[in-house]
Amino acid sequence: MKRLMLILAGMACSLALSAQNPTAVDLSETRHGPEKGSLVIIGGGTVTDEIWDRFIDLAGGKDARIVVITNASGPGDDYHSAAINALSERLGADRVTRMHLATIDEANDEKNLAPLRRATGIYFTGGRQWRISEVYLNTKVHRECFALLARGGVIAGSSAGASIQGSFLWRGDTRGPQYTIGDHTQGLGFLKLSAIDQHILVRNRQHDLEAFLKAAPEFIGIGIDESTAIVVERDVFEVIGKSYVAVHQAGREKFFFLRPGQQYDLKEHKPITQ
């Protein structure tokens, strides 16, 4: 717990330095969600047609241009192709570009940024989330992700690609996902002041964020089950897919579930009646 408090203090310092660092998470009118654009945060497993359709619709429908970032799935050509295949089948291969840079220098190289500047959507595949942060965190690629949101685009990801969207990187340890607080603790921060877990019911993880929220009450903890997603626009998210989302928030002793079709107000920290 003491280590967690030190980590959180360091993250608070990075927020204070956002004026000097264009890729630092910035506090704004929204409490947790993006000011513009959308997030589709998927809990792993099979991505349903409903989730793919919502992502593509938010990215511009038939005019969408998607960059799929595959680093989480493994090094080199050992990458998860299901997302590329699914998106190519729906949009055409010419509208889907794979990005799999190897180093921070490559992620800061202007010649690698053109696909992101043309994109209307970005998708992060599953695997290990620390592989994403090691290459892209606080780089020009990271900055272009925020730029895409600012022009109304959408960022999505499943499993590791879900957790990386939080500001605190949950299960980010190189030793394995059983270490919930590990050697990589900063996510890409598209959902501010958050920690995001995935596969929660399938892997019996629904309680795992409870201690974190007690130590960091300014955060929100969101656990998403497989074949399920939250769609975030500003400070409201909607649950879509097949299963449940667990919400951990300060002031509640226990998490609570939301089912598909329900919405949640991230700023007021309460479900929206439906």
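Would you check if Gly176 is over 15 Å from Ser38 (Cβ atoms) and touching a helix residue (DSSP H, G or I) at 6+ places or on another chain (Cβ under 8 Å)? Judged against the criteria, Gly176 is not a match. Looking across the stretch 174-190, the residues that are more than 18 Å from the chain's Cα centre (by Cα), on the phi < 0 side of the Ramachandran plot and free of Cβ contacts under 8 Å to residues at least 40 places away in the same chain come down to Arg175, Gln178, Tyr179. Assessment of the stretch 143-156 against the conditions (in contact with a His (Cβ under 9 Å, 6 or more places away or on another chain) and touching a residue at least 40 places away in the same chain (Cβ under 8 Å)) yields no matching residue. For the stretch 92-105, the set of residues classified as surrounded by fewer than 17 Cβ atoms within 10 Å (Cβ to Cβ), in contact (Cβ under 8 Å) with a residue 24 or more places away in the chain and in a helix (DSSP H, G or I) consists of Ile104 only. How many of the residues in the stretch 41-58 are under 13 Å from Thr228 (Cβ atoms) and either buried (at least 22 other Cβ atoms within 10 Å of the Cβ) or of a type outside the set (Asp, Glu) (or both)? Residues in the stretch 41-58 being under 13 Å from Thr228 (Cβ atoms) and either buried (at least 22 other Cβ atoms within 10 Å of the Cβ) or of a type outside the set (Asp, Glu) (or both): 10 in total.
Counting only residues that are touching a Lys or Arg at 6+ places or on another chain (Cβ under 7 Å), surrounded by fewer than 23 Cβ atoms within 10 Å (Cβ to Cβ) and hydroxyl-bearing (Ser, Thr, Tyr), the stretch 219-274 holds 2 of them. Of the helices (runs of 4 or more DSSP H) entirely within the stretch 1-91, those holding at least 1 residues that are charged (D, E, K, R) and modelled with pLDDT of 95 or more occupy 49-58, 82-91. Looking only at residues of the stretch 242-254 that are part of a loop (DSSP other than H, G, I, E, B) and either under 17 Å from Gly43 (Cα atoms) or under 19 Å from the mean Cα position of the chain (by Cα) (or both), we find that the one that is modelled with the lowest pLDDT is Gln249.
Of Glu238, Glu144, Glu218, all but one fail to be out of contact with any Pro (no Cβ under 6 Å at 6 or more places or on another chain), modelled with pLDDT under 95 and charged (D, E, K, R); the exception is Glu218. With respect to the numbered conditions (1) surrounded by fewer than 19 Cβ atoms within 10 Å (Cβ to Cβ); (2) closer than 26 Å to Ile84 by Cβ; (3) at pLDDT below 95; (4) not small (Gly, Ala, Ser), which one is the sole condition not fulfilled by Gln178? Here Gln178 meets the rest and fails (2).
Restricted to the stretch 141-173, and to residues there that are within 21 Å of Val202 (Cβ to Cβ), small (Gly, Ala, Ser) and part of a loop (DSSP other than H, G, I, E, B), the residue that is nearest to the chain's Cα centre (by Cα) is Ser159. Just one of the numbered conditions (1) of a type outside the set (Ser, Thr, Tyr); (2) within 25 Å of Asp57 (Cβ to Cβ); (3) over 15 Å from the mean Cα position of the chain (by Cα); (4) not in a loop (DSSP other than H, G, I, E, B) is not true of Val232: (3). Can you confirm whether the stretch 260-270 contains a residue that is under 16 Å from Ala72 (Cβ atoms) and aromatic (Phe, Trp, Tyr)? Within the stretch 260-270, not a single residue is under 16 Å from Ala72 (Cβ atoms) and aromatic (Phe, Trp, Tyr).
The values are calculated or read from the model by the stated rules, or taken from the named source; none is laboratory data. From a predicted model like this one, the values you see are computed outputs, not experimental measurements. Please note: Cβ atoms are built from the backbone with ideal geometry, for glycine as well, and neighbour counts cover all protein chains shown.
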